[in-house]
Amino acid sequence: MPIRNRFAELLPEITVWRRDLHAHPELQYDVHRTAGAVADRLRDFGCDEVHEGIGRTGVVGLIRGRDAGPTIGLRADMDALPVREATGADHASTVPGVMHACGHDGHTAMLLGAAKYLAETRNFAGTVAVVFQPAEEGGAGAKAMLEDGLIERFGIAEIYGMHNSPMLPAGAFAIRPGPFYASVDSFRIDVQGRGGHAARPHNTVDTTLTASAIVMALQSVVARNTDPQQPLVVSVTAFHTDTEAFNVIPDRATLRGTIRSFDKGTRAKAVDDIRRLVEATAAAYGARATFHLEEVPYPVMANHEAETRHAAEAARDVAGHVDTDAPRTTGGEDFAYMLEVCPGAYIQIGNGPSAGLHHPEYDFNDEIIPAGCSWWVTLAERRLPA
């Protein structure tokens, strides 16, 4: 079954929803406007139940079919990123320093479109739970929703997710069974030296020099400390000192970054190697440094075999073809938490030519909305045949 004609009709309306979300982005759990708009629309569509405050600010809508049956979950993420937008679009972010640079506005809009259709047609036996999640970007909102009883409370037997990919042609689909997205750990390195006047560096322990040496040394963790058959990424993404004066050598410096892998043993060894290297490098420069893992780590996101086939079959119905051997990505995804406790799968939909995810010039491609909505409803009707 190809793209549903109904979504061609709904495209202008869904596009308005998407662009409104894009213009009013919110971070992590502070998605009150977004979640409120989602809940209001679900009620307008005639969902049988709408539950707010799941996982702090998540929303779950229940749509019951014509006959009794199991419940499947369809999940979209709602939060934006702390990125200053540079698209120049008419619907660009109105919130300084915050934008939808990953397409969660599009994910939310597509699942809303699917919910509207499913509430109209109800051509399935069972219940569809549409799950709108906060805090995917570093806040582990999926974990928070699970801790609030998402799976048990709503009796979800299978759960599915979708993310856009600028690397794929518009409206194409890609998936793979097993490990798909990497585990993600964020870290902080605190460097303590002895500050002083920039004209007399010999009287200081230079934290800028020490921290720079640590950044360079960390590259050896991947290049020389890790089995080359095991993918690993170590990225330092922030470098701060306790002064911005041109004539002061700072007393302290802080580095932040991420570790990404597909193997628990590789991850554990990398953490140990980094801690040892950080402390030894700092000592070589007469400074001290401490390594801290921060926030909640995201586990490897691994698709379940049977549910991957179900997701791929629905994608094939919509697009005529699906790549079922998509390359693994070192991007992280907290949907991994849901797949650890419930059978399910996660699929990519092509965004077409665009800036990359998390780039200030990225924008979701509204033309793929009918394909994404069609995949959601095709999957639901396949898994819950009337």
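Coordinate-derived values only; no laboratory data. These numbers come from a predicted model, not from an experiment. In this analysis, Cβ positions are derived from the backbone assuming ideal geometry, glycine residues included, and neighbour counts consider all displayed protein chains.
Percent antiparallel among DSSP beta bridges with both residues in region 191-278, to the nearest 5? Beta bridges within region 191-278, antiparallel portion: roughly 100 percent. Entry for region 1-100 at q = 0.21, 0.22, 0.25 Å⁻¹: log10 I(q)/I(0) = -1.19, -1.23, -1.33, Debye formula applied to identical alpha-carbon scatterers, no solvent contribution. Within a straight-line Cα-Cα reach of under 20 Å, Lys143 can be paired with the following lysines, leaving aside sequence neighbours fewer than 8 residues apart in one chain: Lys264. Taking chymotrypsin sites (Phe, Trp or Tyr not before Pro) across region 150-198, none is in a DSSP loop with at most 10 further Cβ atoms lying within 10 angstrom of its Cβ. Counted by Cβ distance under 13 Å from His359, the other residues give a net charge of -2, where Lys and Arg count +1 and Asp and Glu count -1. Only helices enter this figure: runs of n ≥ 4 DSSP H residues, each worth -39500 (n - 2.57), summed and divided by the residues of the chain, yield -11500 deg cm²/dmol at 222 nm to the nearest 500. Put simply, the Cα atoms of region 204-320 extend 66, 31, 22 Å along their principal axes, the longest span coming first. Here the gap between Thr290 and Ala86, fully extended at 0.36 nm per residue and compared with their Cα-Cα distance, gives a gain of 69.8 nm.
Here the 3J(HN,Hα) profile of region 54-60, calculated from phi with Karplus coefficients 6.51, -1.76 and 1.60 at θ = phi - 60°, is 7, x, 6, 10, x, 10, 10 Hz, Gly and Pro shown as x.
What Kirkwood radius, in Å to one decimal, follows from the Cα pairs of region 45-98? Mean inverse Cα-Cα distance, inverted, gives 14.7 Å.
Applying the Karplus relation 6.51 cos²θ - 1.76 cosθ + 1.60 with θ = phi - 60° to region 236-250 yields 3J(HN,Hα) values of 8, 10, 8, 9, 10, 10, 8, 8, 10, 5, 6, 10, 10, 7, x Hz, where x marks Gly and Pro. Of the listed values (1) -0.45, -0.58, -0.71, -1.19; (2) -0.36, -0.46, -0.56, -1.03; (3) -0.32, -0.42, -0.53, -1.12, grab the one calculated as log10 I(q)/I(0) by the Debye sum over Cα atoms at q = 0.07, 0.08, 0.09, 0.13 Å⁻¹ from the structure here. Entry (2). Measuring nothing but how far apart in sequence close Cα pairs (under 8 Å, 6+ apart) lie, relative to its length, the chain scores a relative contact order of 25 percent. Modelled spin labels at Arg309 and Phe239, positioned 7 Å past Cα toward Cβ, are 5.1 nm from each other.
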